[in-house]
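So the structure is just underneath, and the comments pick up after that.
Each reported figure results from applying straightforward, stated rules to the coordinates on display, with no laboratory input. The model shown is predicted, which means the values in this text are computed figures rather than measured ones.
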Amino acid sequence: MNTSIVGRHIDLTESMKEHINSSIEVFKKYSLDIISVNSIVSQEEKNGKKAFSFEYTLNIANLDTVVVKQKDKDLYAAIDIAVDRVSKILRRHHDKITGHRKQKLTEVDSAIIEDNIANELDKLDSEIVGVRLDSYKPIDIEEALTDLKESGAAFKVFYDKDDNMRVLYSMKQEGKFGLY
């Protein structure tokens, strides 16, 4: 990883350089391919007040350039806040890479998948019983209701006069029926 520290309108002391270099070491824990880190320190003065501006520019392989700018009255506070912001960006990118790994179709063991599907179908075969409709001709809702009452079944599936499939079912309340 290439690092550079540039001071604009300010003389960089050794303690400033050491603090910046130690903050850059934090970025290595994310195991990303960081190509270069450029640090720019500048001092501005507006209305008689001094303010420091700190900027990180990170070039990361397989990711766009990350630029974080931070202004503060205290240079060390600006550096620490910028480090936190860059760490958040790098952590999110690292989590995205490691947490969302896609598996290629060639890597998937198809025999295991087929066995799981077959087992699920076997379970469903024991639970689901196919039933044929008694009549495919359209009937009135009143006629379907009388058939349901006479048979004592929980529901009746039929086609209505508009050729729509309907379901008539008995509800938990006595004497009430629902129509779907």
Task: Rh by Kirkwood over Cα pairs, then Stokes-Einstein D for segment 2-99 at 0.890 mPa s and 25 °C, µm²/s - done: 175
Task: Mean shadow area of segment 133-180, taken as a quarter of the surface of its Cα convex hull (nm²) - done: 3.1
Open item on the list: With the cut-off at 25 Å, tell me which of the pairs LYS17/LYS96; LYS49/LYS69; LYS29/LYS50; LYS137/LYS172 have Cα atoms farther apart than that.
Closed with: LYS17/LYS96; LYS29/LYS50; LYS137/LYS172
- [ ] Any lysines with Cα under 17 Å of the LYS176 Cα? List them, leaving off those in the same chain fewer than 8 positions away.
- [x] LYS149, LYS156
